[in-house]
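To start, the structure under review is shown below, and the notes come after it.
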């Protein structure tokens, strides 16, 4: 258990740190990328406004926010432009500010884009990446191209460095936390162990006085005959013995290693448990229905399936409305199976069903002992379901509450 808790703790902490890195890096990437795109868009518009050339010392266009172009920055930008007539003939080519593209290549590129009908976009020429934009005016179409290779490379390198650094930090963090995790989780383990020891010791201490009370009660009945007082005493003794048994079961579930799953023919187990509870339900003046498919095989453990059926059926029998109905359905579902136990429950319209699996939770806050439950059974069922890799659900509809287990 200690090893499993350490692994879960390290994974949770590492995942939290990873999410923090992602929440930082993703916005940074989009801010930088959008800023870059906005700056290039401004340069392209500036080139179009100046017939495919930089304005030089003339007034530069205003830009909002953090985006701006300085006079010196014009001379850092590598660009070229091509002007085409409507016929597709080349009117003018400007490649003075570019070395990787000659005039013929620039003209061919502009003609290719004219034929494609694309007015703007991204184009890779050899190892260089250009962003381009065009404008039609006075019977001519002007294409301007800006070399973005270095800017894109810088963004890529920055993001690669950030991701690499983040992974190294995550690795160091995980290894360090793994080394310290035993000390960190030790108080939780000790607290859990103390709780288990308390339950085990208390159970042993309670069994002896309960056995004595039961024996004394029987002696009183033998000497003076039974009465409502002796009957009440015996009922409470049985309730306490049942509580002790459930507490010990819950404690042992926490101690057990993961159970070994195998193919189990579950139909006969469900049918056996349903038949065992059918008479109990009928004696209470309630109806009982069952619809159990034959030869359904699931990945589970026989004892665990039996316990689950017993817990759900016992719960339904106890909390079913007077004159109500208890239903058991079991059928194959996909590669697994579906077990549904339903009972009449008229008062369940506004109940918080999520709390049904809390230990010692009962909807009857007065804790009336007539129902005979302690709010532990469903908690035990949930733990068994978790160990089986199954799922448990609860729903309420038309005055009936249904507990559903989906087996693998």
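Since every read-out is calculated from the coordinates, none of them should be taken as a lab result. Everything numeric here is computed off the predicted structure, so don't read it as measured data. Reconstructed Cβ throughout: ideal geometry from the backbone, glycine too, with neighbour counts over all protein chains shown.
Descriptive notes on the structure:
- Treating r as the C-beta distance of residue 297 and residue 184 and R0 as 45 Å, the FRET efficiency rounds to 0.55.
- For residue 87 and residue 163, a Förster radius of 51 Å and the Cβ-Cβ distance give a FRET efficiency of 0.55, rounded to the nearest 0.05.
- Pairwise Cα separations in segment 83-194 fall into 5 Å bins from 0 onward with the following percentages, short to long: 2, 9, 14, 13, 9, 7, 6, 5, 5, 5, 4, 4, 4, 4, 3, 3, 1, 0, 0.
- For segment 302-327 and segment 105-137, distance of Cα centres in Å: 74
- Among 237, 305, 341, 158, sorting on how many other beta-carbon atoms sit within 10 Å of each Cβ, with the fewest leading, yields 158, 237, 305, 341.
- Viscosity 1.306 mPa s, temperature 10 °C, Stokes-Einstein D of segment 2-155 from Kirkwood C-alpha radius, µm²/s: 89
- Residue 100 versus residue 397: modelled label distance in nm, points set 7 Å from Cα along the beta carbon direction: 6.3
- As a proxy for reagent exposure, ranking 54, 99 by other Cβ atoms within 10 Å from fewest up yields 99, 54.
- Normalised Debye scattering of segment 260-407 at q = 0.19 Å⁻¹ gives log10 I(q)/I(0) of -1.18, counting only Cα atoms as equal scatterers and leaving out solvent.
- Stretchable slack from residue 35 to residue 229, in nm (0.36 nm times residue separation minus alpha-carbon distance): 61.4 nm
- By the count of other C-beta atoms within 10 Å, a proxy for reagent exposure, 125, 143, 345, 75 are ordered fewest to most as 75, 125, 345, 143.
- At R0 = 45 Å, FRET efficiency that the Cβ-Cβ distance of residue 155 and residue 211 yields, to 0.05: 0.05
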